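Structure first, commentary second.
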Amino acid sequence: MGRIYRSLPPAGTKVGIAFSGGLDTRTAVAWLARQGLEVYCYTADLAQPDAEDMESILSVAKTHGAKLARAIDCRQAMVREGIVAIQCGAFHLSCAGRKYYNTTPLGRAVTATAIVQAMRADNVHVFGDGSTHKGNDIQRFYRYGVLVNPDLKIYKPWLDSKFVEAFGGRKEMSEYLVSIGMPYSMSTEKAYSTDSNCLGATHEAKDLEHLETSMFIVDPIMGLPFWQADCAIAPAQVDLTFLHATCVAINGQRFDSDHVAMLLEANRVGGRHGLGMSDQIENRVIEAKSRGIYEAPGMALLHIGYERLLSSIHNENTLDLYFGFGRRLGRLLYEGKWYDPEALAQRDAITRWIAPSVSGSVTLELRRGEDYTIVSTKPVYSAYAPERLSMEKVASSFSPEDRIGALEMQSLAVTDNRALLLHHFDSLAQIGATSSGEVKKMLGQ
């Protein structure tokens, strides 16, 4: 028998549900309980900017049929993993310099592992959530769940044809809840869907599936709509202080080990300028493209300060490793592999050999959106020394004669490369292949 249930588990089976309190999970819990299953609901506290009261969510789960409803405090873990992602530069999606900070993949890594650990403590070994077969989350929840509990089995209502036939849309789910005396009062329908945690917000689907629809339709939940001319945003300077690659002060306010408070303050400071919003077209894990509008004001602010210090401290080869590993890590995180050995090895290399040296302060002037200026950079240790390359007459660590000798040594590689190119063009001609005419012309051929 496979790990994934294609239809309802036997009556009496304990099923753990990642419960948000929305229409879909309310319907799933009510229906599963009435099919004779023991439903255990787990709600992660991610310090979401749009979160409802946790106690009311747990009460809803119980009234809809949950045998047990538990809240899991994931705030510290969320911020911890967000800081690691910044230290590693684990962000692979970028469009014209605007990055997506992988806030949803980080949320899934923390949520899924925490919920399955709680389930294991409750002797619950069947896991379900609201993810669909077309998205990324179905893979992320699966991988993290099985990683934590190798005996875990999966039941996802949206993979059960019986459930899908009964509740194909929001109308059918609402009618079902009315029929059992638990009507769901839906807020005004938005033109897109939103998912969030303390690191960022994701807006996607519905009208945003059409590329001719811009982020202008989005009502930000973590910042201001900086594109609106009548939205007043005054320029402001922001001072960031880092100690061993972690921000410990913002505008003189110390946070030390209270990383959650630090991140929330970074969100507030960056959000009031609309910093960290981006529009991305991305490749989902099934290689089909999707589109999302993202917010991450705090992550963006911290990332700018961190990379500014990083560039002043480490040499080119080390930075090349940081950017290369970071992009690869970003994709592994996106695919639900944040705790795989391959990812842990790269994380360890960066957080052990690159990040700890990053200490100092950076001052920015934030204006609107991504419009900002780096005002001051003060690393504790820096490889940047202006006197080494000053255009003024200063004592230097090397002389013109030293540079002449270094240039002469370059002749070996340059002449070897020229000879190889000429040989390569001859080889292409012999097999009837075309070559770069511009390069041949440049070489006098």
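Can you pull out every residue in the stretch 20-56 that is in contact with a Cys (Cβ under 9 Å, 6 or more places away or on another chain) and more than 18 Å from Y176 (Cα to Cα)? Matches in the stretch 20-56: A44, D45, L46, A47, Q48, P49. Looking only at residues of the stretch 112-133 that are in a loop (DSSP other than H, G, I, E, B) and either modelled with pLDDT under 95 or not charged (D, E, K, R) (or both), we find that the one that is farthest from A44 (Cα to Cα) is H133.
In the stretch 35-70, what residues are touching a strand residue (DSSP E or B) at 6+ places or on another chain (Cβ under 6 Å), under 18 Å from D195 (Cβ atoms) and of a type in the set (G, A, S)? Within the stretch 35-70, A44 is the sole residue that qualifies.
Among the residues of the stretch 325-376, those identified as within 29 Å of I281 (Cβ to Cβ) and among the aromatic types (F, W, Y) are F325, Y334, W338, Y339, Y372. When S290, S278 are checked against the criterion of being assigned by TED's automatic domain parsing to the domain that holds V375, surrounded by fewer than 21 Cβ atoms within 10 Å (Cβ to Cβ) and under 23 Å from the mean Cα position of the chain (by Cα), a single residue qualifies: S290.
Going by the structure shown, is A109 buried (at least 22 other Cβ atoms within 10 Å of the Cβ) and assigned to a helix (DSSP H, G or I)? Yes.
Being touching a His at 6+ places or on another chain (Cβ under 6 Å), surrounded by 14 or more Cβ atoms within 10 Å (Cβ to Cβ) and closer than 25 Å to T111 by Cβ holds for only one residue in Y184, Y192, and it is Y192. Looking only at residues in the stretch 278-326 that are in a loop (DSSP other than H, G, I, E, B) and of a type outside the set (G, A, S), the one that is farthest from G200 (Cα to Cα) is N315.
The sole residue among L199, L243, L224 that is closer than 30 Å to V380 by Cβ, surrounded by fewer than 21 Cβ atoms within 10 Å (Cβ to Cβ), modelled with pLDDT of 95 or more and within 24 Å of the chain's Cα centre (by Cα) is L243.
Does S357 satisfy the condition of being surrounded by 14 or more Cβ atoms within 10 Å (Cβ to Cβ) and closer than 30 Å to A232 by Cβ?
Details: surrounded by 14 or more Cβ atoms within 10 Å (Cβ to Cβ): yes; closer than 30 Å to A232 by Cβ: no.
When the stated conditions are applied, S357 does not pass them.
Residue count for the stretch 379-395 satisfying the condition of being surrounded by 11 or more Cβ atoms within 10 Å (Cβ to Cβ) and either under 28 Å from the mean Cα position of the chain (by Cα) or farther than 20 Å from S359 by Cβ (or both): 3.
Inclusion of N283 among residues that are buried (at least 24 other Cβ atoms within 10 Å of the Cβ) and within 19 Å of the chain's Cα centre (by Cα) is not warranted. All of I83, I17, I4 fail the test of being within 16 Å of the chain's Cα centre (by Cα) and closer than 23 Å to Y339 by Cα, apart from I83.
Rundown of residues vs (1) surrounded by 23 or more Cβ atoms within 10 Å (Cβ to Cβ); (2) in a loop (DSSP other than H, G, I, E, B), yes/no style:
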residue	(1), (2)
S7	no, yes
A33	no, no
A44	yes, no
I72	no, no
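If you go through the stretch 246-287 and keep only what is among the small types (G, A, S) and at pLDDT 95 or above, you end up with A249, G252, A261, A266, G270, G271, G274, G276, S278. Scoring M1 on the criteria (1) in the same structural domain as E165 (by TED's automatic domain parsing); (2) surrounded by fewer than 24 Cβ atoms within 10 Å (Cβ to Cβ); (3) modelled with pLDDT under 95 leaves a single failure, condition (1).
The values are calculated or read from the model by the stated rules, or taken from the named source; none is laboratory data. As the structure is a computational prediction, the values presented were derived from the model and not from experiment. A quick note on method: Cβ atoms are made from the backbone with ideal geometry, for glycine too, and the neighbour counts reach across all protein chains shown.
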